[in-house]
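To keep things clear, I will list the structure first and then write my remarks on it.
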Amino acid sequence: MSEVDGMNFIKGTPKEYIKIAESGNQRAQGFCQQCGSAMYATSVGDKSRVYGIRLGVVDQRNELTPVMQIWHRSAQPWLNTLHGISTFSTTP
C-alpha cells in the first residue's frame, strides 16, 4: 500500500508524468503502471497535495455526487443535453 498526503493506493504505486498547466504551474498526472489508466492530477512539490481524481478508477464512484464543475469552458457543448437522449441497460 502506498500513501501520499492521505490518498491511499491499495495496490501498486502510480507513475507520475509532470506537465505544465495553463497557469504555468507544474502538475503531476498520476497513471496506473500496469494499464496506463489516468488516476489523478495534483500539484508538484513538498507541500500537501490536493488531488483531482479521475472518477473511473474509484470503486466508490456511485457514492460521489458532484457539487461543482471546474474548467467548464472546455466542456463539450452537448454535455447539458445528455438527459434527453435514449438510454439502454445493455447493448441495443
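Taken together, the values in this text are just the output of simple stated rules run on the coordinates, not laboratory data. Since the structure is predicted, the reported quantities are computational estimates derived from the model, not experimental observations. Here the Cβ positions follow ideal geometry from the backbone for every residue, glycine too, while neighbour counts run over all protein chains shown.
Before moving on, here are some points about what is shown:
- Residues whose amide H falls under 5 Å from that of Met39, counting only those 5 or more places apart or on a different chain, are Gly30, Phe31, Cys32, with hydrogens built in the peptide plane.
- Shape category assigned to the stretch 2-84 from the gyration tensor of Cα positions, a/c cut at 1.5: oblate
- As a rough guide to protection, the peptides 21-30, 74-83, 34-43, 55-64 ranked by mean Cβ packing within 10 Å, highest first, stand as 34-43, 21-30, 55-64, 74-83.
- Using a cutoff of 8 angstrom between alpha carbon atoms and counting only pairs six or more residues apart, the relative contact order for the chain works out to 14 percent.
- In sequence order, calculated HN-Hα J values of the stretch 49-57 (Karplus, 6.51, -1.76, 1.60; Hz; x Gly/Pro): 9, 10, 9, x, 8, 7, 4, x, 9
- Couplings 3J(HN,Hα) for the stretch 71-77, derived from phi with the Karplus relation 6.51 cos²θ - 1.76 cosθ + 1.60 (θ = phi - 60°), are 6, 4, 4, 9, 5, 5, x Hz, where x marks Gly and Pro.
- Taking amide H atoms as placed 1.01 Å from N in the peptide plane, the amide H of Val44 lies under 5 Å from those of Ala28, each 5 or more residues away in sequence or on another chain.
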